[in-house]
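Remarks on the structure that follows.
The values are calculated or read from the model by the stated rules, or taken from the named source; none is laboratory data. Quick caveat: nothing in here was measured; it's all calculated off a predicted structure. Neighbour counts run over all protein chains shown; Cβ positions are idealised from the backbone, glycine included.
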Amino acid sequence: MQVSVTASGLERRLEVAVPADQVQREVDQRLKRLSRTARLKGFRPGKAPFAIVRQQFGEQVHAEVVGELMRSSLAEAVTQEHLKPATGPRIEPIALTPGADLKYAAVFEVLPEIKVKPLDTIAVERPVASVAESDIDAMLESMRRQRPVFSDVERPARASDRVILDYDGRIDGRSFEGSEGRDAAFVLGASRLLTELEAAVTGASAGETRTATVHYPATHANQELAGRTAEFTVHVKKVQEQSLPAVDEEFCRLFGVEQGGIDALRSEVRKSMEHELQELIRKRLRSQVMDALYRDNPVDVPRALVAQTVERLQVETAQRMGARDVSQLPPREVFEEPARRRVALGVIVGEIVRAEGLQVDRAKVQTRLESLAASYPKPEEARRAYLQSPEAMREIESAVLEDEVLDAVLARAQITERETSFRELTGFGETTS
């Protein structure tokens, strides 16, 4: 096998030539194996002359051999030339004629060679904070708001009240999907009720019936409703005032604390908040480390990897936005720089892994898998789904390996500490005050 390499930036063009006799030898061996079982008209199975078998199947077998020799010889050539392909190759046939040398070119980009700047030159700031009793008080107040108590009142409905109602909608005198509801409960001001219906119900007392006209926008997701007008009749059955529950034994049980009362609840809340705090501090450190690695280690990145990453970011963003087809993908330009950064950091992190001899800790992979699965309604089903998805497991392993890199960097980085608070770090006080 002869191999020649030409380079242009990160792009490599490998021209490979496999000797004709090697190709022919492989073709003949396959034809001989085939001749033992081939069924040809006029001959018993396996009794057809070899020349007939060659005439009948030679072209097909040659094509199969060429395809497999391309794959195997390319892998051998890449190893021989010490190349690290970034993506799959583009194959350009040069000579495929039977009886002649097999010649083809493979064009692909390679991962760049990089020497990472010494890790002890990285400077980061570590936030130092603790969970104060006042933070726990604020969290308990937030938890109270998650479990409001509603009591019937004999007055007109106002913001934050819950209304129990029946409603019927009609378009051109006919009902439509979602146009009817019985004993439906809505909190006024929570933006769960159509704006026109909420306006009609506000100020109504139990027993009142009101009407509302709803104009559906032309861009409405349901094409049957888009641009149309519906008339709703709403009967208010109850108006309920909202109040916050007392922090007592019953309240503790609402949050899974069966024994120990308020003290036990506060202890569980503290543990949860301390875990959140440590996760946030580590996230801040990771962000600083990755910023420094990206800034201090400029690297040329494969265009193909950037393009693939852009597409992935487009799809992920579109899915979060509820897009239904590719025509709704956000523009590529928005993701060019984030994609380039992600690819570059992948290269840099990979080099640190190699240089430091880091390996995936299987125990940490298992712990992360269990943690992810626990966040789903059916953890065991989620766990099986992860295990059955090689891509999902690779993502978990990559995240674990990135944690190993972060620890390696922090072990050498120049770290200064800054006193702060739970409230400042999380912004929790701002949203609950």
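Are any of the residues in the range 391-401 under 17 Å from S287 (Cβ atoms) and in a helix (DSSP H, G or I)? So that I can check it myself, show each step before the final result.
So the first thing to find is which residues in the range 391-401 are under 17 Å from S287 (Cβ atoms), and the list is 399.
From the residues that got through so far, the ones that are in a helix (DSSP H, G or I) too are 399.
Checked the range 391-401: at least one residue is under 17 Å from S287 (Cβ atoms) and in a helix (DSSP H, G or I).
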Cβ-Cβ distance below 9 Å, separation of 6 or more or different chains: which pairs start in the range 172-183 with a residue that is touching a residue at least 24 places away in the same chain (Cβ under 8 Å) and end on one that is surrounded by 10 or more Cβ atoms within 10 Å (Cβ to Cβ) and among the β-branched types (V, I, T)? S179/I171; D183/I164
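Being within 30 Å of A132 (Cα to Cα) and of a type outside the set (G, A, S) narrows it down to one of E351, E380, E419, E337, so name that one.
Values: E351 fails: within 30 Å of A132 (Cα to Cα); E380 fails: within 30 Å of A132 (Cα to Cα); E337 fails: within 30 Å of A132 (Cα to Cα).
On inspection, the qualifying residue turns out to be E419.
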Residues of the range 59-82 being closer than 25 Å to A355 by Cβ, surrounded by fewer than 17 Cβ atoms within 10 Å (Cβ to Cβ) and either in contact with a helix residue (DSSP H, G or I) (Cβ under 7 Å, 6 or more places away or on another chain) or touching a residue at least 40 places away in the same chain (Cβ under 8 Å) (or both), in sequence order, are Q80, E81
Out of the residues in the range 245-303 meeting the condition of being more than 20 Å from S371 (Cα to Cα), assigned to a helix (DSSP H, G or I) and among the β-branched types (V, I, T), tell me which one is farthest from the chain's Cα centre (by Cα). I262
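Name the single residue that is farthest from R13 (Cα to Cα) among those in the range 44-100 being in a strand (DSSP E or B) and among the aliphatic types (A, V, I, L, M). Steps first, answer last, please.
Here is the first cut: in the range 44-100, the residues in a strand (DSSP E or B) are 85, 90-95.
Now narrow it down to the ones that are among the aliphatic types (A, V, I, L, M): 91, 94-95.
Values: I91: 10, I94: 13, A95: 16 Å.
Selected residue: A95.
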With respect to V163, determine if the residue is surrounded by 15 or more Cβ atoms within 10 Å (Cβ to Cβ), in contact (Cβ under 8 Å) with a residue 12 or more places away in the chain and assigned by TED's automatic domain parsing to the domain that holds L194. yes
The lone exception for E92 - which of (1) touching a residue at least 60 places away in the same chain (Cβ under 8 Å); (2) more than 29 Å from R33 (Cβ to Cβ); (3) touching a Phe, Trp or Tyr at 6+ places or on another chain (Cβ under 7 Å) it fails: (1)
